[in-house]
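First the structure, in the form of structure tokens, and then the observations on it.
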Amino acid sequence: MHQDIAARIHSVQQAIDLASLKASTTKTVTLIAVSKLQSQTTIEEAYSSGLRHFGENYAQELAQKAAACPQDIVWHFIGPIQTNKLKLIAETASWVHSIDRIKVAKKLDAACKDLNKTISILIQVNIDDESSKSGIKPEEVINFATELNTHYSNLKLKGLMFMPNIQASDVDKLITYSRIQELHDSLVMIFPECYELSLGTSGDFQDAIVAGSSMVRIGETLLGARA
Ligand SMILES: *Cc1c(COP(=O)(O)O)cnc(C)c1O
């Protein structure tokens, strides 16, 4: 089992390095192991193979795992946010990728103030998935970023997050990637500290890196099938 995970991590890491070379970027790509519905044992195996960034979708599950797992793990909250769970998220996560409402930002900021901590956030953008309610529209990004940067001092806005539309054709995916790059570039022109781009999962992380992704969120390819 341990060998298994170590071998998978090794091959994903190689694929990331190769894609980074193709992207001819000096950006380092952060590998986030998406550990939702994975056991603590699996997380600890991945940890002993060197991984430190883990992603979770459910606040309660995140809190339980954060309490039980090694303390130097950097937790990323990547799921839809329920406002009554923000305190749990603020207590445990270092990053929140799924900010798409001011109300959520406001409550997260308040929870972080109470804890005397700052948290890194990304704006989740919905660029091509009409069936999903998560994410703001591309044309709203600049205003939303301006508002976040103006009012919420315990939140550090670092960039954008996208979910891939796995049903899209290859051509449509490439068009979407170039729209994402354009949008991200226009944000970075105004807010240089928004250089992070969280894009790419098991199915598309190499293409995503070539398209400028600096954070990839990989679940099953890295850790095996979810329970
Ligand atoms: C589950 C999930 C992932 C990982 O998906 P895999 O296909 O297992 O790589 C990435 N991002 C988000 C937001 C997820 O919910």
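Of everything in the range 75-95 that's away from the ligand (no atom under 16 Å from the Cβ) and more than 11 Å from residue 108 (Cα to Cα), which residue is surrounded by the most Cβ atoms within 10 Å (Cβ to Cβ)? In this case the residue turns out to be 92. Can you tell me which residue is surrounded by the fewest Cβ atoms within 10 Å (Cβ to Cβ) among those in the range 177-227 that are near the ligand (Cβ under 8 Å from one of its atoms) and among the basic types (Lys, Arg)? Among them, the one singled out is 226. Quick check on the range 22-36. Is at least one of its residues surrounded by fewer than 19 Cβ atoms within 10 Å (Cβ to Cβ), basic (Lys, Arg) and in a helix (DSSP H, G or I)? Yes, there is a match, as at least one residue in the range 22-36 is surrounded by fewer than 19 Cβ atoms within 10 Å (Cβ to Cβ), basic (Lys, Arg) and in a helix (DSSP H, G or I). Each residue in the range 127-157 was checked for being free of Cβ contacts under 8 Å to residues at least 40 places away in the same chain, away from the ligand (no atom under 16 Å from the Cβ) and outside any helix (DSSP H, G or I), and 4 pass.
Here 23, 66, 59 are screened, and the one residue that is without any contact (Cβ under 8 Å) to a residue 40 or more places away in the chain, more than 16 Å from the ligand (Cβ to nearest atom) and of a type outside the set (D, E, K, R) is 66. Of the residues making up the range 164-180, one or more are touching a strand residue (DSSP E or B) at 6+ places or on another chain (Cβ under 7 Å) and over 16 Å from residue 31 (Cα atoms).
In this entry, residue 67 is excluded by the filter for residues that are part of a helix (DSSP H, G or I), of a type in the set (A, V, I, L, M, F, W, C) and surrounded by 12 or more Cβ atoms within 10 Å (Cβ to Cβ).
Starting from residues that are of a type in the set (Lys, Arg) and farther than 28 Å from residue 226 by Cα, keep the ones in the range 14-40 and report whichever is nearest to the chain's Cα centre (by Cα). Looking at residues that are of a type in the set (Lys, Arg) and farther than 28 Å from residue 226 by Cα, I get 27. Of all residues in the range 137-161, which are buried (at least 20 other Cβ atoms within 10 Å of the Cβ) and over 16 Å from residue 186 (Cα atoms)? Listed by number, the residues that qualify are 148, 152, 155. Checked against (1) out of contact with any Cys (no Cβ under 8 Å at 6 or more places or on another chain); (2) within 16 Å of the ligand (Cβ to nearest atom), residue 160 passes all but condition (1).
Filter the range 70-101 for residues that are among the hydrophobic types (A, V, I, L, M, F, W, C) and either assigned to a strand (DSSP E or B) or farther than 20 Å from residue 156 by Cα (or both) and give the result. Answer for the range 70-101, where residues must be among the hydrophobic types (A, V, I, L, M, F, W, C) and either assigned to a strand (DSSP E or B) or farther than 20 Å from residue 156 by Cα (or both): 74, 75, 77, 95, 96, 99. Looking at the range 88-117, which of its residues are closer than 25 Å to residue 72 by Cβ and of a type in the set (A, V, I, L, M, F, W, C)? 88, 89, 90, 93, 95, 96, 99, 108, 111, 112, 115, listed by residue number.
Residue-by-condition table, conditions (1) charged (D, E, K, R); (2) without any contact (Cβ under 8 Å) to a residue 60 or more places away in the chain; (3) within 24 Å of residue 30 (Cα to Cα):
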position	(1), (2), (3)
91	yes, yes, yes
104	no, yes, no
115	no, yes, no
122	no, no, yes
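In the range 194-214, the residues that are closer than 17 Å to residue 21 by Cα and touching a residue at least 40 places away in the same chain (Cβ under 8 Å) reach residues that are within 10 Å of the ligand (Cβ to nearest atom) and of a type in the set (Phe, Trp, Tyr) with C-beta atoms within less than 9 angstrom, at least six apart or across chains, in these pairs: 208/162; 213/162; 213/205. As for the range 50-57, it holds no residue that is surrounded by fewer than 18 Cβ atoms within 10 Å (Cβ to Cβ), modelled with pLDDT of 95 or more and over 25 Å from residue 220 (Cβ atoms).
The values are calculated or read from the model by the stated rules, or taken from the named source; none is laboratory data. Here the structure is a predicted model, which is why all the values come from computation and not from measurement. Glycine also receives a Cβ, built like all others from the backbone with ideal geometry; neighbour counts cover every protein chain displayed.
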